[in-house]
Amino acid sequence: MRSSEAGATRDRILEVALELFGRQGYEGTSIRDIAERMELTKAAVYYHFPSKEDLLHALSHSGHEVALE
């Protein structure tokens, strides 16, 4: 995967995660949910974010606000 493609995929994962966290809550959203929404494997999501906590951390550092339930 080229760097620009990887960056675009990473950004899209963040967008989908933010949407699902907002709708289902952090605890109610799994990596599987995010992967299925994007039509990716869980391994592809884990390639960009080793854990759901890392994904949340990236969201908080990118200026997104996430309301946790």
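What to note about this one:
- Qualifying positions in region 1-36 - touching a Lys or Arg at 6+ places or on another chain (Cβ under 9 Å) and surrounded by 17 or more Cβ atoms within 10 Å (Cβ to Cβ): Val16, Ala17, Leu20, Tyr26, Thr29, Ile31, Ile34, Ala35
- All of (1) at pLDDT 95 or above; (2) loosely packed, with under 13 Cβ neighbours inside 10 Å; (3) on the phi < 0 side of the Ramachandran plot hold for Glu39 with one exception: (3).
- Restricting attention to region 42-60, the residues that are over 19 Å from Gly7 (Cβ atoms) and open to solvent by 100 Å² or more (accessible area, probe 1.4 Å) total 1.
The values are calculated or read from the model by the stated rules, or taken from the named source; none is laboratory data. All values derive from a computational prediction rather than experimental measurement. Note that each Cβ is placed from the backbone with ideal geometry, even for glycine, and that neighbours are counted across all protein chains shown. Surface areas here come from the heavy atoms of the whole protein model, side chains and all, with no ligands, DNA or RNA. Shrake-Rupley method; radii C 1.70, N 1.55, O 1.52, S 1.80 Å.
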